[in-house]
Each structure stands twice: as structure tokens, then as C-alpha cells.
Amino acid sequence: MTELLIGKTAIVTGAAIGIGRAYARALAREGCNVAVIDLMSEVLDLPKELERRGVKATAVVGDVSDPKVARNFVDDVIARFGGVDILINNAGKCWVSSSHDDLDKTLADYDGMVGTNLKGEYLMGRAAIPSMIARGGGNIVNIGTDHGVTCGSPRELCPRLDSCPWAESPRPTGGSIVFDIYDASKYGTYALTFAWAKALRPHGIRVNCMAMGATDTSMLRNFLGDAVTPELAATWMRPEDSAQVVVDIIKEGPGGRTGETINLCHGRPTVLEPERAPLYVTPDSIGYDAR
Ligand SMILES: NC(=O)c1ccc[n+]([C@@H]2O[C@H](COP(=O)([O-])OP(=O)(O)OC[C@H]3O[C@@H](n4cnc5c(N)ncnc54)[C@H](O)[C@@H]3O)[C@@H](O)[C@H]2O)c1
């Protein structure tokens, strides 16, 4: 436990299962009070478990892409716990889409994936940021994908697997032919991260993104179906591994990194690597203050 995290209030979205559940557990272990939201009712089991760590916890079944739900959830967290210090924008949806899809499928894909992965983050951020500003600082961690740093096609599904010139790492950057909408939503997350990091830096709020690689959750298992073998799954991260990276980002404290997309690409060690040169500009450097 670090003093920095004890008694802080953390929100984790999409915490019924998978990566979000592991992050909620890790933050409770560090002494944070934790509020979780998910579409699945299993999320309601989590507070009892987390409270065994001596922290306060609350859970709501709800859709982060619904503005009323996002606002009511955050307002309730503020009323219960006094404010918000940490927001982990983790809730996500992922399925295949491509340029060849018909328009009706595309609209459903867009609303489903962009609605949760991007609009949900944006709404939760808008709802929580005023409280962080009032408290003099905070942390936002957005969950992206390693498709920002690789071509993004799971090797198992890649139609050019045998002939792919990048069959061995490092793989090329930039999205996959079967993930156009998912990747667009996650690339949007990188943009939110940069913009928020710049605007919120004067308020002591750090905003980072995790470019998440293959992790053993139901999202990946359902997606790959029969292609999953024990040998393949053994190469994936476990949700607990990247949970420690989230804790380590926050533990850097007020002087820590901001505006960084942390690469947890498949095949790399799951650790918080040293801070890269900041990509953001400051009000001083551009002569403009967003406040
Ligand atoms: N598992 C991977 O390999 C992997 C790789 C890259 C990125 N990610 C990202 O990590 C995050 C977590 O993924 P996971 O693997 O744990 O997936 P998961 O499907 O196991 O869990 C996602 C959770 O989010 C919830 N959720 C989805 N839409 C929601 C909404 N609108 N409102 C509230 N809750 C919602 C789901 O009910 C579920 O509990 C996602 O953003 C995903 O895109 C995962």
C-alpha cells in the first residue's frame, strides 16, 4: 500500500469481469474506495469482496454511453465518497467490422463500439473532471489497444498469415482491416488522452492511456473462439499484470507522467517503462491557457 492511494476514490468502468475487475481489485488493495459500473449484473458482487480490504465500495448496473447514467453514477459517487480522484475508463466492446460491411451493420457497430469505447470515456470524463479539479488533482487512465502500435490483426485470424512480411515482431503500426470501427474508437481514445492531458495539467490531473496487448479475458476468448489453445493463451497477459501498471502510473504522484500512451504490446514485458519525452505542449509554450 502507498500512502498516496489510501482513502482516494477510484471509478472503474466495465468492472464486472476481465481487466476492469482486476483493476478494481488492485486499487482496493492499495486502499482506494472503489466505485464500479457495468452492463452486467455480476458487477454487484464486487463491493462486498472489495470491502473485505477495509475500503468502501459501490456498484451500479448501467451503460456508460448513456449521458444520464454517467452523470447520475458520478454524482452518486461524489455524494457517497466526497469526490473522485481516479477514473479508469476501461469499459469496452470489440467485434469484427470492415470497409465491406453494409450500412445497417456499420451503424450498429458504430453505436456499439464508438458508443462505449469513446463516447463512454468522454461522458465519464466530463462527469468526473469537475470533482477532480475541485480536489486539486487526480488521475485518468484510458484503456486503448496495442493496435495503435501494431497492425492489430490477431495472427490467428490474419488472412495473410503465412506470407505476411511482418509475421515476426516488430509488426507494422496502424489498425487492422477487420477492426476499422474498434480501432477508430481506440484511436479516438489516444486523442482524448492528449487533449485532456494538456488541458488538465494546470489542475494537477494526469491523463494517460494504456495501449493494451492481448490479455486473457472473455473478450479475447470469445473473439478467437476455437482458435484459442492453451499454448496461445499462455502467451497472453493476465488482467492482474497490467493492473499493477495502472497502480504504478498513479503511484508516480503529482509530478508523474501525463499524456503518455503506455505500450503494453503483446510480447513486451508488462511493466511501466520509464517516462518518454512528453508529447504535450503547455500553456506557457503556446501562450494559451485552456482554463
Ligand atoms: N482482452 C484484450 O486482449 C484487450 C486488448 C486490448 C484492449 N482491451 C480493452 O480492455 C478493456 C477491457 O476489456 P476486457 O478484455 O476485460 O473485456 P471484457 O469483455 O472481458 O470486459 C469488458 C467489460 O465492459 C463491460 N461493458 C461493455 N460495454 C459497456 C457499457 N456500455 N457500459 C458499461 N459496461 C460496459 C462489459 O459488460 C464487460 O464487463 C476494453 O476497453 C478492451 O477494448 C482488451
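The values are calculated or read from the model by the stated rules, or taken from the named source; none is laboratory data. Because the structure is a prediction, the values reported are computed rather than measured. So basically every Cβ, Gly included, is an ideal-geometry build from the backbone, and we count neighbours across all protein chains shown. Each accessible area value is taken on the protein alone, full model and side chains, heavy atoms only, with ligands, DNA and RNA left out. Shrake-Rupley method; radii C 1.70, N 1.55, O 1.52, S 1.80 Å.
Structure summary
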quantity	calculated
Label point at Glu273 placed 7 Å out along Cα→Cβ; residues across the range 178-220 whose backbone nitrogen lies under 20 Å	187, 190-191, 193-194, 207-215
FRET efficiency, Ser98 to Leu232 (Cβ-Cβ, R0 22 Å, nearest 0.05)	0.40
Solvent-accessible area per residue, Å², over the range 9-286 with all protein chains present [probe radius 1.4 Å]	45 Å²
Prolate/oblate/rounded label for the range 211-273 (Cα gyration tensor, a/c 1.5)	prolate
Dmax and Rg, reported as Rg then Dmax, of the range 9-286 (C-alpha, Å)	18.3, 57
Relative contact order (%) - the range 9-286, alpha-carbon pairs under 8 angstrom, separation at least six	18 percent
Whichever lysines have a C-alpha closer than 17 Å to that of Lys105, once near sequence neighbours (fewer than 8 apart) are set aside	Lys93
Extended-chain gain in nm, criterion 0.36 nm per residue less alpha-carbon gap, Glu51 and Asp76	7.2 nm
